[in-house]
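The values are calculated or read from the model by the stated rules, or taken from the named source; none is laboratory data. Quick caveat: nothing in here was measured; it's all calculated off a predicted structure. When we count neighbours, we look across all protein chains shown, and the Cβ atoms used for this are built from the backbone with ideal geometry, even at glycine. Heads up: the accessible areas ignore ligands, DNA and RNA and are worked out on the full protein's heavy atoms, side chains in. Shrake-Rupley method; radii C 1.70, N 1.55, O 1.52, S 1.80 Å.
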Amino acid sequence: SAVISQKPSRDICQRGTSLTIQCQVDSQVTMMFWYRQQPGQSLTLIATANQGSEATYESGFVIDKFPISRPNLTFSTLTVSNMSPEDSSIYLCSVGSGQGAQTQYFGPGTRLLVL
Amino acid sequence: KNQVEQSPQSLIILEGKNCTLQCNYTVSPFSNLRWYKQDTGRGPVSLTIMTFSENTKSNGRYTATLDADTKQSSLHITASQLSDSASYICVVTGGGNKLTFGTGTQLKVEL
């Protein structure tokens, strides 16, 4: 199994600011994903982080709001830009050989509160 | 529209008792179904995964069942422990390896 760490584990931010979340995996993985889990709701896929190319965003999520980097096969960042209270959520990094693949693992999450 | 519905929304049981969580889905085509356990403040951890041809899968005290005809799954927890207190999420993989997540059942095990 893959060991995934995220930084920060939690943060409280002011509206209008930006926060960058880091995801580090202990081994090279083919695919990395970023999810959002709003209070009381299920996980929602934000985007697939592609190594060496632009991320693939799901409907409702745009690069200007959630820029993603993936410089190598073990690391990715998600930035939540120009934050508003509606961005308060848990952000989760996930890795696997493919979304829905037999092996897909989740990081511990970053709990974000925007005031 | 692909959907995964879980019931009950929340559940409180006494330590040592058994419980069953339900998952109904409308995802099509179907690839696999997973149950995850998510402790508070942590990421989801996979408990079981079942493909179309499997109708039961066990992982210790956790036993998942799948009825692909009725599109229903259940997760049975036997001899519950305090550490079982968590959110249990049903996730169905459909066409294009797209995941559809349920909203989870919040389980609390009390003394």
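Annotations for the structure displayed:
- For the criterion of being open to solvent by less than 50 Å² (accessible area, probe 1.4 Å), more than 19 Å from residue B:46 (Cα to Cα) and either of a type in the set (A, V, I, L, M, F, W, C) or touching a His at 6+ places or on another chain (Cβ under 8 Å) (or both), residue A:66 passes.
- Assessment of segment A:3-11 against the conditions (within 30 Å of residue B:50 (Cβ to Cβ), more than 12 Å from chain B (Cβ to nearest Cβ) and under 15 Å from the mean Cα position of the chain (by Cα)) yields no matching residue.
- Strands (runs of 3 or more DSSP E) within segment A:1-63 that include 1 or more residues open to solvent by 70 Å² or more (accessible area, probe 1.4 Å) and in contact (Cβ under 8 Å) with a residue 24 or more places away in the chain: A:4-7, A:10-13, A:19-25
- Search result, residues across segment A:64-101 that are in a loop (DSSP other than H, G, I, E, B) and more than 14 Å from chain B (Cβ to nearest Cβ): A:64, A:65, A:66, A:67, A:73, A:74, A:81, A:82, A:83, A:84, A:88
- Subset of segment B:76-101 (residues that are within 18 Å of residue A:106 (Cβ to Cβ) and modelled with pLDDT of 95 or more): B:86, B:87, B:88, B:89, B:90
- If only residues of segment B:28-38 that are open to solvent by less than 40 Å² (accessible area, probe 1.4 Å) and in contact (Cβ under 8 Å) with a residue 60 or more places away in the chain are counted, the one that is farthest from the other protein chains (Cβ to nearest Cβ) is B:33.
- Matching residues in segment B:19-65 - criterion: being on the phi > 0 side of the Ramachandran plot and modelled with pLDDT of 95 or more: B:60
- Those strands (runs of 3 or more DSSP E) of segment B:39-84 in which 1 or more residues are open to solvent by less than 20 Å² (accessible area, probe 1.4 Å) and under 24 Å from residue A:92 (Cβ atoms) occupy B:45-51, B:62-67, B:72-77.
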